[in-house]
Amino acid sequence: MRLQPLAGVEQAFAVPLDGDLEATGEALGLGLSLAELEKVRDHFRNEGRVPTDVELQAIDQAWSEHCCYKSSRPVLEETVFDLDVPRKVAVREDAGIMEFDDDHYYAVGLESHNHPSALDPYGGAATGIGGILRDVVCMGAQPIALVDPLFFGELDTPRSELPDGVKHPRYLMGGVVAGIRDYGNRVGIPTVAGQVAFHPGYTGNPLVNVGCIGIMPKSELIHSRAGGTGDIYILAGGRTGRDGIHGVTFASRELEAGSESDIGAVQLGDPITKEPLMHLCLELNRAGLLTGMKDLGGGGLSCVVGELALDGGCGARVDLERVPLKQPGMAPWEIWVSESQERMMFTVRPEEVAAVLERCAAWDVEATTIGEVVPQKRTRVDWHGTTVLDLDLEFTTGGPAYRRPSLEPKAPTAVEVKLEQPADIGALLLELLATPELGSREWVIRQYDHQVRGATVLNPLQGPVGREGPGDAAVLKPVPGSWRGLALTSDVSPWLMEADPRAGTLLAIAEVCGNLAAVGARIDSLADCLCFGNPQKPEIMGQFRAACEALAEGALALGVPYVSGNVSFYNETPQGAIPPTPVLMGVGIVEDIRNCVTSDLKAAGELWLIGPTGGEMGASLIARHLGAAGGALPPVDFATLVPRMEALVMAIGTGEVVACHALSAGGLAVALAEMCLSGNGAAVELPPELDAMLALFSETPGRWLVQVTPGCEASFTARFDHAVRLGAPAGKLLCVTREGKTLLSHAPAALRTAWETPLAERLA
């Protein structure tokens, strides 16, 4: 590779593309393929010039998988984009915007920070939180809650079985949880929902997904685009450093044994800078001083400057030497592509610049004018008077799109899973409660502040103090003076996805909806974070396509849109790919939060099972626990699920329900046990027509265990197509019988002991 120094400046070079293109790309650390490098070469030949290193680095960022979705876009356009559903997305930019009430919008963001968290679990998770907060703030919304779906390898993996360079899942989990805790707690935004899942496929490649929800008056919505020619660019917040360089490139390839050398791609978070920056952004927007606002995430300045301008129908000119730096001596290309955290870009009318800078100083936030919006749709970057970048914006942002070959995954054969009834079903239930899949997440949850800002109505743990159990969804009261609420939950099972990506995705949608309905919320929108392996492998693209088709099917049946999300490919190590993992976040509307119910069993009220129990047990928790392989996954019948959810929400809204818990992993037996963690026992008689193992452990979707308000049994059951009375609270034991024979009998204290120990033991 030959570099030709640009006249008059240091550290900037022309890069002839007339030799070995692959060697040139490798020498510059580019992630572009040979075909992409050839396209870039031809573009500059048509312009009659040689590109600079800054220009090549900028194109590399813009054309990364992370930024331009070159492998996923064709599939997404055919499936989940622009679905024709009754509920409409108001705006979809850095975050998605939905109507909350006549006067307010809510904002939703969902992202992943997988590769950074594999290298630096604390920093990767922390900066993931920082990034999703910026996405919501730059739409003009006040963040009110965080969601964190997390996926790790098995915590008791022997160290001797870990490949060289792979960090232990216990270390990764501890660092990730600490990063989320420290960042979220310090900026004062509660973490109220999420999941923690374990599967050997995540060993060495954990998934760290972060979601955020915000609220705003409709009048304060601002867009991620420049207002027009003459607007001034103001860069505010943290300084630019060498942390986060080539972050999007790093996130667009597989993790390898030598990936530790990419630690510089991980950004350094600073919540103490972020907190006043968020207040500043919202204040400037509220005062009408901004024409556009966008956060600096993937690609840094190289992406945000051009995207703001192009979305406003314009171009941009930047004086790069005006960017405040953490370290002296940074090269122009480093400054241009750095993904250093806690930075926001404003576009401001010239006459408002002084007022904006004054308010930045009042909040003790560093801010600098760095350029202006120009009429031509190009970005020009000057470095001490010399132009180091002059790119056509439509070429730069018009990255390639590939229709990758795909191999349709084979669904399990519809073979019935045979489960032998053990001699002691009660002991089996305790074993299940103590599995990592079901055991208490209290070690994680208690590290997060759930109540900061004072808007949390239902916490992730629900029940009497000291006797809490797992809730189905969190509920927030976002607008003072209004009883209207927002409910949040997330879900996907790697075990179900591994068995059947299509059916597993549909089951994840059903569980998200069921969790929201269990607290009295109607599903209003979905967000999807699609985490998969290498898209250049047909089997991975087959998984991706199957999941996307299922996502479309579910959303159309529900009548709700995907308001936000991302795609994270190349989640793969030399040991193989992760299970296909389309993480789902569901947002529901609660008409009156005063009617919400929790999952803990109360002292009075009959127990009813809503929804029929099917016979499909493939990939169920009980089947896996007993070593029963194969079998079809339960189907999702949206035609009955949707009216059943609506009936449940109406019953909760009219006060006919005192407790409710959605059935999922472990089926009825686990739902009963979790409700009894409140300290109340129950006497339950199983329907005689069902096999005991099926009745107790089936994971058929669209079912809830409901405790009905005394005296409301007739009105409640009249709402449902299928409702079976199971029993009622009874003393201090959970006792389950069938045809007069006792199948299991446990005190709530014994259930709690089994449920509380798993993570603590493994993390110790």
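The values are calculated or read from the model by the stated rules, or taken from the named source; none is laboratory data. As the structure is a prediction and not an experimental result, all values here were calculated from the model. All Cβ positions, glycine included, derive from the backbone under ideal geometry; neighbour counts span all protein chains shown.
Observations on the structure shown:
- Total residues in region 440-480, condition touching a residue at least 40 places away in the same chain (Cβ under 8 Å) and either in contact with a helix residue (DSSP H, G or I) (Cβ under 9 Å, 6 or more places away or on another chain) or not in a loop (DSSP other than H, G, I, E, B) (or both): 28
- Residue among 167, 88 that alone is surrounded by fewer than 24 Cβ atoms within 10 Å (Cβ to Cβ), out of contact with any Ser or Thr (no Cβ under 8 Å at 6 or more places or on another chain), of a type in the set (Lys, Arg) and within 26 Å of residue 523 (Cβ to Cβ): 88
- Only one entry in 313, 371 is of a type outside the set (Asp, Glu) and over 24 Å from residue 64 (Cβ atoms), namely 313.
- Within the set 495, 483, the sole residue that is among the aromatic types (Phe, Trp, Tyr), under 22 Å from residue 191 (Cα atoms) and at pLDDT 95 or above turns out to be 483.
- Members of region 319-340 that are surrounded by fewer than 16 Cβ atoms within 10 Å (Cβ to Cβ) and out of contact with any strand residue (DSSP E or B) (no Cβ under 7 Å at 6 or more places or on another chain): 327, 328, 329
- 3 or more residues without any contact (Cβ under 8 Å) to a residue 40 or more places away in the chain: qualifying strands (runs of 3 or more DSSP E) within region 684-754: none
- Residue 362 fulfils the conditions (1) farther than 30 Å from residue 677 by Cβ; (2) in contact (Cβ under 8 Å) with a residue 12 or more places away in the chain except for a single criterion, (2).
Rundown of residues vs (1) at pLDDT 95 or above; (2) touching a Lys or Arg at 6+ places or on another chain (Cβ under 7 Å); (3) not assigned by TED's automatic domain parsing to the domain that holds residue 282, yes/no style:
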residue: 339; (1), (2), (3): no, no, no
residue: 349; (1), (2), (3): yes, no, no
residue: 352; (1), (2), (3): yes, no, no
residue: 358; (1), (2), (3): yes, no, no
residue: 364; (1), (2), (3): yes, no, no
residue: 368; (1), (2), (3): yes, yes, no
residue: 371; (1), (2), (3): yes, yes, no
residue: 377; (1), (2), (3): yes, no, no
residue: 383; (1), (2), (3): yes, no, no
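- Taken over region 1-35, the criterion of being in a helix (DSSP H, G or I), within 13 Å of residue 51 (Cβ to Cβ) and not β-branched (Val, Ile, Thr) is satisfied by 21, 25.
- Condition met for residue 348 (among the β-branched types (Val, Ile, Thr), surrounded by 15 or more Cβ atoms within 10 Å (Cβ to Cβ) and farther than 22 Å from residue 286 by Cα): no
- Taking each residue of region 117-128 that is closer than 7 Å to residue 179 by Cα and looking for partners that are among the polar types (S, T, N, Q) and part of a helix (DSSP H, G or I) with beta-carbon atoms closer than 9 Å, six or more apart or interchain, yields 123/117; 125/117.
- Within region 590-616, being outside any strand (DSSP E or B), within 17 Å of residue 486 (Cα to Cα) and not acidic (Asp, Glu) holds for 593, 594, 595, 596, 597.
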